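This report concerns only the one structure given below.
Bear in mind these aren't lab numbers, they're just calculated from the coordinates by the rules spelled out. Fair warning: this is a prediction, and the values are worked out from it, not measured in the lab. Positions of Cβ are generated from backbone atoms using ideal geometry, with glycine treated the same way; all protein chains shown enter the neighbour counts.
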Amino acid sequence: MTAAYRPPSDRNMVIEPCEALEEHDVDLDSTPLHQYVDPEALERVVNSLDDDFEITFTIEAISVTVTAKGVHTQRRE
């Protein structure tokens, strides 16, 4: 599992999930993030929430969870 923390005002919901997915060798050229989630909408939601939230989506058998503490990924079996 990977994780990173950035203050809410600095969160970039395009870069953070992409960096986390690259650690699982997901080819984002053939699987663009926007096919699974709208990164701009995700960023607006994350930056508008307090510290107690969890948003999860799946990309190519990788569970991506966004929390106030960062982006966490885990390969689903």
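Cβ crowding within 10 Å, taken as a proxy for footprinting-reagent exposure, orders I55, I62 from fewest neighbours to most as I55, I62.
Which whole-number percent gives the relative contact order of the range 8-75, counting Cα pairs below 8 Å spaced six or more residues apart? Walk me through the numbers before you get to the answer.
Values: 73 pairs, mean separation 21.8, N = 68.
Relative CO of the range 8-75 lands at 32 percent.
Could you give the length gained by full extension between A68 and H24, i.e. 0.36 nm per residue of separation minus their alpha carbon distance, to one decimal place? List each step's numbers first, then the result.
On the way: separation 44, 0.36 × 44 = 15.84 nm, distance 2.16 nm.
Extra length available between A68 and H24 comes to 13.7 nm.
One decimal place: the segment T31-F57 gains 7.9 nm when fully extended, by the rule 0.36 nm per residue minus the C-alpha distance.
Inverting the pair-averaged 1/r between distinct Cα atoms of the chain gives 12.4 Å as its Kirkwood hydrodynamic radius.
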